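To start, the structure itself, in structure tokens.
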Amino acid sequence: MSDTKHILWVDDEIDLLNAHILYLAQRGYEVTPVANGPDAVALVRAKPFDLVLVDEQMPVMNGIEVLKELRAVRPGMPAVMVTKNEAEELMEQAIGLHIEGFLTKPVNPSQILSALKGILDRRQITAAQLTRRWAESFSELSRLIDDDLDAAGWLDLHTRLSEWELELDRWGEIELVKMLRGLREEADRKLAKWIESNYPKWIAANQGDRPPLSMDVVDKWLLPLLKEGKPVLFLVVDCLRLDQWLAIEPLLSEWFTIQRDGYFSILPSATPYSRNALFSGLSPYELERIHSDLWAKGDEDESSSNRFERQFLIALLERRGIKIKPEPKYVKVLEADEATDVEKKIREYTSQPLTAMVYNFVDILVHTRQTVEVLKEMLPDEAAFRSVTRAWFQHSSLNRILQAYAQAGGAVLLTSDHGAIRGRRGSQVIGDRQTSSSLRYKHGRNLKFDAKQGILIKEPAKWGLPSRGNNTEYLIAREDYIFIYPTNYHHYLDLYKDSFQHGGISLEELVLPVVTMRGKG
């Protein structure tokens, strides 16, 4: 042990514990013995201690009274109560004072040592174990990235990388975070090549002969859930990434049994394409034939390009021979007032066979961050986004809405339409005046770019994309590149660098959670 820990031990029979104190001293703990509560409080006022051991039964001041006084003097000091009394009422009183542990007399030295290590050395011990586990996992993850992964392999890899991100969030090991970032970058390079080779084959294949894509989610996960006869909420949290879901998931385990799967967003991994495909069960190419005006106002006009989601879902259910009465409800939550309104009417929703809900908070946070300086300060990186997303959800109307479904014995299918990646590198693109302005994908004519930084699609139909007239090409960003025109290139690169964007090819944008939750009632 590198640093001596200072322990205060309060016991009216402290003279009988010299052997215990010597045992702890030999293991790096400096123990100050004191025989009563008033002296203990005076000592704590005079000097700091790392932990206090308090006997429960003492004259003058009992253990609970001593703890109350010590908490007033040093609120954050860890405490362990040593007692012969195992009464539940005593334990509840002690827990109310936020003590870190109980030991029942008679105690032996190894019990004391174990308690001290568990409280004072947990971080040091866990950090050492973390480093060993990371070294093993790093080698395995590197090997996986080098392998010829299939769809299931990519889903598993992204999950494991995301789980490590949450693990490292707790410990702040900067060097390990950098190593993990390097793994992600290499994985995204390989993913882009894999998508480029396989995606057109998926579009041409039948649903069961390809990895699950956006247009397969309803068939694969929602329809089986509807057959269970419970009220179902089909919840699409716009722009929710897998790592953000993993940060939220523990908050819901008390209320639901949870089954987490994954699927791939279609390209471009952006709302007008991926969310329409999610609700319609059709590719954008197929949708263009049904709704030729769908993208008439451009991809950036979400109110135009995503105005038929309810109708698309009902039409999909009808094609599958499913008629729901009363007709499925559809609600889009863009603002806090709308969420509050849903919460107030929650009994109406939980009595419906199916409600579809689009919840836009995460996507709004992504876009607002780019223009509001205080949000840039609060959300400098992915770890901060995970933390803020969890904090928001914990206190949100959405959390309470989901709890209401659980209490009603209902079920929830939760997913996202796409994720987002932090754009770190710029890529110059030249196009005509009609070329779209999105930073992670573009469509236009005669697009010029660096082939290492994007994938050019010259035959949109083979990629399941709308033609948008003759000679239209699509350009999809690889890795973490953002597309910027040459005019004022450096100005716009400075403006958009480190912003969270979507529409391209990365694990963070494409590999999405789809979660089946059944209420525990």
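The values are calculated or read from the model by the stated rules, or taken from the named source; none is laboratory data. None of the values given here were measured: they were computed from a predicted structure. Note that each Cβ is placed from the backbone with ideal geometry, even for glycine, and that neighbours are counted across all protein chains shown.
Within segment 257-264, identify whether any single residue is modelled with pLDDT of 95 or more and over 18 Å from VAL236 (Cβ atoms), and answer yes or no. Looking for residues that are modelled with pLDDT of 95 or more and over 18 Å from VAL236 (Cβ atoms), one finds at least one in segment 257-264, hence yes. Scan segment 106-158 for residues that are assigned to a loop (DSSP other than H, G, I, E, B) and of a type in the set (D, E, K, R) and jot them down. Selection gives ASP121, ASP147, ASP148, ASP150.
Within the group ARG400, ARG425, ARG320, which residue is out of contact with any strand residue (DSSP E or B) (no Cβ under 7 Å at 6 or more places or on another chain), more than 20 Å from ARG275 (Cβ to Cβ) and modelled with pLDDT of 95 or more? Lay out the reasoning, then the answer.
Numbers: ARG425 fails: out of contact with any strand residue (DSSP E or B) (no Cβ under 7 Å at 6 or more places or on another chain); ARG320 fails: more than 20 Å from ARG275 (Cβ to Cβ).
Step by step, each of ARG400, ARG425, ARG320 is checked, and only ARG400 is out of contact with any strand residue (DSSP E or B) (no Cβ under 7 Å at 6 or more places or on another chain), more than 20 Å from ARG275 (Cβ to Cβ) and modelled with pLDDT of 95 or more.
How many of the residues making up segment 220-242 are in contact with a Ser or Thr (Cβ under 7 Å, 6 or more places away or on another chain), surrounded by fewer than 22 Cβ atoms within 10 Å (Cβ to Cβ) and not in a loop (DSSP other than H, G, I, E, B)? Of the residues in segment 220-242, 2 are in contact with a Ser or Thr (Cβ under 7 Å, 6 or more places away or on another chain), surrounded by fewer than 22 Cβ atoms within 10 Å (Cβ to Cβ) and not in a loop (DSSP other than H, G, I, E, B). All conditions in (1) assigned to a strand (DSSP E or B); (2) over 25 Å from the mean Cα position of the chain (by Cα); (3) not small (Gly, Ala, Ser) hold for ARG468, with the sole exception of (1). Within segment 55-78, residues that are loosely packed, with under 15 Cβ neighbours inside 10 Å sit with their Cβ atoms under 6 Å from residues that are in a loop (DSSP other than H, G, I, E, B), at 6+ positions apart or across chains, in these pairs: VAL60/ASN36.
Restricting attention to segment 462-481, the residues that are small (Gly, Ala, Ser), surrounded by 15 or more Cβ atoms within 10 Å (Cβ to Cβ) and either more than 21 Å from SER283 (Cβ to Cβ) or out of contact with any Asp or Glu (no Cβ under 8 Å at 6 or more places or on another chain) (or both) total 1. Regarding ALA336, is this residue within 23 Å of the chain's Cα centre (by Cα) and at pLDDT below 95? Taking the combined requirement at face value, the residue satisfies it. Within segment 471-484, track down each residue that is outside any strand (DSSP E or B) and under 33 Å from the mean Cα position of the chain (by Cα). The answer is GLU479, ASP480.
Counting the residues of segment 411-441 that are farther than 21 Å from GLU382 by Cα, surrounded by fewer than 17 Cβ atoms within 10 Å (Cβ to Cβ) and touching a Lys or Arg at 6+ places or on another chain (Cβ under 8 Å) gives 3.
Can you spot a residue in segment 175-186 that is more than 21 Å from GLU509 (Cα to Cα), at pLDDT below 95 and either outside the structural domain of ASP417 (by TED's automatic domain parsing) or over 22 Å from the mean Cα position of the chain (by Cα) (or both)? Scanning segment 175-186, I find at least one residue that is more than 21 Å from GLU509 (Cα to Cα), at pLDDT below 95 and either outside the structural domain of ASP417 (by TED's automatic domain parsing) or over 22 Å from the mean Cα position of the chain (by Cα) (or both), so the answer is yes. The set of residues from segment 331-347 being surrounded by 11 or more Cβ atoms within 10 Å (Cβ to Cβ) and either among the acidic types (Asp, Glu) or not assigned by TED's automatic domain parsing to the domain that holds VAL358 (or both) comprises GLU335, GLU338, ASP341, GLU343.
The residues of segment 258-297 that are among the β-branched types (Val, Ile, Thr) and either within 18 Å of the chain's Cα centre (by Cα) or on the phi > 0 side of the Ramachandran plot (or both) amount to a single one, ILE258. Scanning segment 271-291 for residues that are farther than 23 Å from THR159 by Cβ and aliphatic (A, V, I, L, M) yields LEU282, LEU287, ILE290.
Limited to segment 401-427, what total is found for residues that are farther than 27 Å from SER214 by Cα and in contact with a helix residue (DSSP H, G or I) (Cβ under 6 Å, 6 or more places away or on another chain)?
Looking only at that region, the number is 3.
Of the helices (runs of 4 or more DSSP H) lying entirely inside segment 336-421, those containing at least 2 residues that are of a type in the set (Lys, Arg) are 382-394. Each residue in segment 105-150 was checked for being farther than 30 Å from SER197 by Cβ and aromatic (Phe, Trp, Tyr), and 1 of them qualify.
Just one of the listed residues (SER305, SER265, SER253) is within 30 Å of ALA384 (Cα to Cα) and touching a Leu at 6+ places or on another chain (Cβ under 7 Å), namely SER265. Here segment 389-403 is the region considered, the condition is being crowded, with 20+ Cβ neighbours inside 10 Å and more than 16 Å from the chain's Cα centre (by Cα), and the residue that is nearest to GLN501 (Cα to Cα) is SER397.
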